[in-house]
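*Asks:* Got a structure here, written out as structure tokens. Questions coming.
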Amino acid sequence: MTHVTGDHYFTAEPNTPAQAREVQFTVAGSDYTLTSASGVFSASRLDPGTAVLLRKADLPVTTTAGDLLDLGCGFGAITCVLGNVAPTATIWAVDVNERARQLTVGNATRLGLSERVRVTAPEEVPDDLRFAQIWSNPPIRIGKDELHRMLLHWLPRLTPDGVAWLVVARHLGGDSLQSWLVGQGWQVARHASQKGFRVLRVTP
């Protein structure tokens with residue numbers, strides 16, 4: 001994930017005034033009320049792709065341990081769900097957007113997850129850290145080349161028995177991304193499809 005010019009959700013420091021919003025959703029029987037703000041991804045609601053990912057992918061369980069990565073965390077929806085369902089895991093929330101990181105810190109703190117959630121910019125993640133799971137609704141709109149570079153940087157950081165869960169809209173290239181990942185040597189299964197989104201299960 002690299003700095004992209006223009007005030008988008010993948011901008012490092014948004015210029016848009018931060019207007020706070022409350023986002024409510026339910027995952028696996030638990031209700032969440034998180035704070036979002038303008039200038040971050042899907043600021044006014046849980047993004048439909050993220051909702052499909054959290055509904056259709058295999059969430060961690062209470063015994064899941066190790067380091068889990070929320071890549072492109074936004075205001076922290078996936079981070080908070082992972083932290084809640086996997087109480088012994090450490091969650092790394094990574095985003096280029098400073099406002100998104102601040103929101104994630106606040107949301108994790110209010111849910112009592114701050115001791116196990118590490119919120120960082122991409123370059124702050126230790127180089128030797130390996131992840132048991134990677135979760136991402138990747139930023140397709142940064143362009144195919146940037147997206148591929150991002151995935152080539154992070155996916156190799158899975159542990160040998162790790163798994164990455166990605167959600168991509170079919171009309172934004174979900175099927176072509178699956179083919180590209182296979183061509184890069186990854187095992188990729190189309191785990192689920194719903195509401196125009198593909199949920200991909202990626203393993204080494």
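Read the figures in this text as sums done on the coordinates, not as results from a lab. Note that the coordinates shown come from a computational prediction; the quantities given were computed from them, not determined experimentally. Cβ sites come from the backbone with ideal geometry, for glycine too, and all protein chains shown count toward neighbours.
*Asks:* Using a basic spin-label model with each label point 7 Å from the Cα along Cα→Cβ, how many nm lie between Leu172 and Glu115?
*Replies:* It is 3.7 nm.
*Asks:* While we're here: Expressed as a whole percent, how much of the Cα-Cα distance distribution for segment 98-137 exceeds 11 Å? List each step's numbers first, then the result.
*Replies:* Details: 552 of 780 pairs.
Cα-Cα pairs in segment 98-137 separated by more than 11 Å: 71 percent.
*Asks:* Further question: Kindly provide the helix-only [θ] at 222 nm of the chain, computed as the sum of -39,500 (n - 2.57) over DSSP H runs of four or more divided by all residues, to the nearest 500 deg cm²/dmol? Mind dumping the intermediate values first?
*Replies:* On the way: 5 runs with 52 residues, N = 204.
Rounded to the nearest 500, it is -7500 deg cm²/dmol.
*Asks:* Would you mind pulling out the separation of the Cα centroids of segment 149-204 and segment 100-128, in Å?
*Replies:* Distance between centres, Cα-based: 24 Å.
*Asks:* Separate question: Using unit Cβ charges (K, R positive; D, E negative) and no other charged atoms, how large, in debye to the nearest 20, is the dipole of segment 57-173 about its Cα centre? Working shown, then result.
*Replies:* On the way: 11 positive and 13 negative charges, 72 e Å.
With Lys and Arg at +1 and Asp and Glu at -1, about 340 debye.
*Asks:* List Thr90, Thr50, Thr120 from most exposed to least, where exposure is judged by having the fewest other Cβ atoms within 10 Å.
*Replies:* Numbers: Thr90 19, Thr50 24, Thr120 15.
Ranked by crowding around the Cβ, least crowded first: Thr120, Thr90, Thr50.
*Asks:* If you don't mind, there's one more thing I want to ask. Have a look at Val182, Val119, Val85 and tell me which one the Gaussian network model of the chain (Cα, springs below 10 Å) gives the largest fluctuation.
*Replies:* Answer for the Gaussian network model of the chain: Val182.
*Asks:* I would also like to ask the following. Only four residue types carry charge here, +1 at the Cβ of Lys and Arg and -1 at the Cβ of Asp and Glu. Report the dipole size of the chain about the Cα centre in Debye, rounded to the nearest 20. Numbers along the way, then the final one.
*Replies:* Details: 19 positive and 19 negative charges, 138 e Å.
About 660 debye.
*Asks:* Which semi-axis lengths, in whole Å and largest first, follow from the square roots of five times the eigenvalues of the Cα gyration tensor of the chain?
*Replies:* Details: eigenvalues 104, 79, 59 Å².
Sorted largest first and rounded, they come to 23, 20, 17 Å.
*Asks:* How large is the direction-averaged shadow of the alpha-carbon convex hull of segment 93-204, in nm²?
*Replies:* On the way: hull surface 31.1 nm².
If I average the Cα hull's projected area over directions, I get 7.8 nm².
*Asks:* Put one equal scatterer on each alpha carbon of segment 25-83, apply the Debye formula with no solvent term, and list log10 I(q)/I(0) at q = 0.13, 0.19, 0.25, 0.30 1/Å to two decimals.
*Replies:* -0.33, -0.71, -1.20, -1.57
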